[in-house]
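Each remark here refers to the structure printed beneath this line.
What follows is calculated from the coordinates using simple rules that are stated; it is not laboratory data. Predicted, not measured: the structure shown is a model, and the values here were computed from it. Cβ coordinates were reconstructed from backbone atoms using ideal geometry, including for glycine residues, and neighbour counts include every protein chain displayed.
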Amino acid sequence: MLAEKNATGHSIFGPSSAHRWMRCPRSLIAGHLAGDNPTYYAAEGSIAHWLAEDWLTNGNPYKHLGTVHEKDGFEIEITEEMISYVEEYVNLVKAMPGTHYVEVKVDLSKYTPVPSFGTSDHISAAPGILRVKDLKYGKVWVDAEENEQGQAYALGAFEELDWLYDFQEIEIQIAQPRRDNYDSWTITRADLLAFGERYREAAHKAWDPEAPYNPDPIACEYCPARLTCPALAAVKVKIAASKFDDLDDTEMSPSKAVAVIEQEMVSTPRLPAFNEVSVEQLARIYEWRPILEKYFREMYDYLLKKLEMDVEVPGQKLGYGRAGNRKWTDEQGVRRMLRGRGISDLDMYEQKFLSPAQAVQLLRVSLGGTIKENDARIAPFVHQPPGKVTMIPASDNRPEIASAASAFDEDTDAIGNS
């Protein structure tokens with residue numbers, strides 16, 4: 001069935017999902033059988049990509065300003081803000097040296113058991129150098145380093161163009177204007193060919209109907225099959241049952257996953273007190289936080305639908321949440337009433353200065369330019385306090401800050417050396 005679907009032009013081994021099936025082989029077939037759940041944000045990203053392609057191909061993006069496009073059941077308007085963010089990507093692309101290829105289809109069939117392809121946002125090729133740029137319109141941070149999608153696009157472009165350019169250096173670039181993220185990662189020809197062999201091995205393993213599950217925090221987060229995946233359920237049970245030492249051994253068959261669930265669910269699940277386990281164990285558990293939080297959000301939606309269908313959910317019932325903010329239904333009438341009670345118009349209205357974001361939009365209308373350029377115009381008049389100290393993944397590109405303890409150690413050393 002999937003081979004037939006692949007033949008219609010919907011690539012089964014799409015590079016955009018390579019981060020998932022290269023980690024968890026079973027997720028390829030299970031994910032396609034489960035089907036995608038379209039979201040507004042994915043639809044918005046698709047329209048932003050379309051706008052970028054049209055801009056680079058035909059120019060004049062403002063002819064689309066205010067137009068509304070339907071995508072996967074969502075209506076997406078092309079706004080000044082979208083044009084401004086896409087402009088940052090377009091300017092970067094235009095500045096790249098070499099021959100440009102926009103929205104180019106790359107063939108990866110050499111590496112997969114059935115014909116497969118992907119469509120790269122932009123590729124530029126010059127003697128010895130291949131550059132792949134991937135536009136990300138969303139706000140979830142994306143790294144260029146070890147990015148499977150970017151490497152897959154590079155692999156396909158390499159197969160088609162290497163005879164002409166003799167690539168020795170490959171650069172994977174991310175353009176994420178809404179996060180001001182323009183990360184890049186450079187690898188050698190040998191590195192890319194080694195990735196190709198891993199890609200081939202993972203693809204053939206994933207095409208096996210009996211491929212094993214291998215739950216992983218990255219692979220599972222957006223997997224379409226996560227709600228019915230027995231292996232992911234087994235991992236959640238292990239975490240709840242304090243079986244942390246088993247988290248490194250997650251590859252399993254469906255029967256093994258079910259056995260884990262049946263064995264551990266006979267007792268009451270218990271999460272540990274933090275002082276009962278090591279920091280290393282807590283760190284391994286914490287990697288699963290997004291999956292567990294999403295699990296309970298989706299469980300809530302599922303049970304709410306059951307209640308709305310008049311299905312009994314023990315311990316729960318339908319009710320109204322917190323009331324929304326009050327709004328006037330008759331502003332003219334209340335204005336007359338307030339005046340009649342001696343309240344002046346001056347007291348009825350409040351006025352405040354526009355925000356920096358509103359100022360940037362006004363400058364764009366008045367002077368043109370990108371959001372980044374107009375941010376620079378107001379920068380001398382703006383103070384933005386840093387965010388509060390938080391824990392972020394070590395792979396995050398944000399700089400590391402010194403801890404309070406390390407600062408104390410430095411002061412102690414300075415005193416001792418004085």
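What does the charge add up to near Glu103, with Lys and Arg as +1, Asp and Glu as -1, over the other residues with Cβ less than 14 Å from its Cβ? Each step should come with its number before you reach the end.
On the way: positive: Lys105, Lys133; negative: Glu53, Asp54, Asp121, Asp134.
Computed value for this residue: -2.
Tell me which aspartates and glutamates have Cα within less than 20 Å of Lys317's Cα, excluding those fewer than 8 residues away on the same chain?
Glu298, Asp301, Glu308
Which entry in [x] 74, 45, 36; [y] 79, 72, 63; [z] 97, 90, 42 is this structure's computed Cα extents along the principal axes in Å?
Given [x] 74, 45, 36; [y] 79, 72, 63; [z] 97, 90, 42, the calculated one carries the label [y].
How large is the charge dipole for the chain, taken about the Cα centre, if only the Cβ atoms of Lys, Arg (+1) and Asp, Glu (-1) carry charge, to the nearest 20 debye?
1580
Excluding residues fewer than 8 places away in the same chain, name every one of the lysines whose C-alpha is closer than 17 Å to that of Lys236.
Excluding near neighbours in sequence, the set is Lys256, Lys294.
Using a 10 Å cut-off on Cβ atoms, rank the peptides 281-288, 122-129 from the highest mean neighbour count down.
In descending order of packing, they fall as 122-129, 281-288.
Using +1 at the Cβ of each Lys and Arg and -1 at the Cβ of each Asp and Glu in the chain, identify which of Trp21, Trp207, Pro224 lies farthest towards the dipole's positive end.
Pro224
Tally Lys/Arg at +1 and Asp/Glu at -1 over every other residue whose Cβ is under 13 Å from the Cβ of Ser16; what's the total? Present the calculation step by step, with values, prior to reporting the outcome.
On the way: positive: Arg20, Lys136; negative: Asp36, Asp121, Asp134, Glu148.
It works out to a net charge of -2.
Per-residue HN-Hα couplings for the range 28-43, Karplus 6.51 cos²θ - 1.76 cosθ + 1.60 at θ = phi - 60°, whole Hz, x for Gly and Pro?
Per-residue couplings from phi come out as 4, 5, 4, x, 5, 5, 6, x, 7, 10, x, 10, 4, 5, 5, 5 Hz.
Which is farthest toward the positive dipole end of the chain among Leu130, Thr390, Tyr153, measuring Cα position about the Cα centre, with Cβ charges +1 (Lys, Arg) and -1 (Asp, Glu)?
Value: Thr390.
Count neighbours as other Cβ atoms within 10 Å of each site's Cβ, and list the chymotrypsin sites (Phe, Trp or Tyr not before Pro) in the range 313-388 that are DSSP loop with at most 13 such neighbours.
Filter output for the range 313-388: Tyr320, Trp328, Tyr349, Phe353.
Which links in Lys110/Lys133; Lys110/Lys205; Lys94/Lys133; Lys94/Lys372 stretch past 19 Å when you go from one Cα to the other?
Lys110/Lys133
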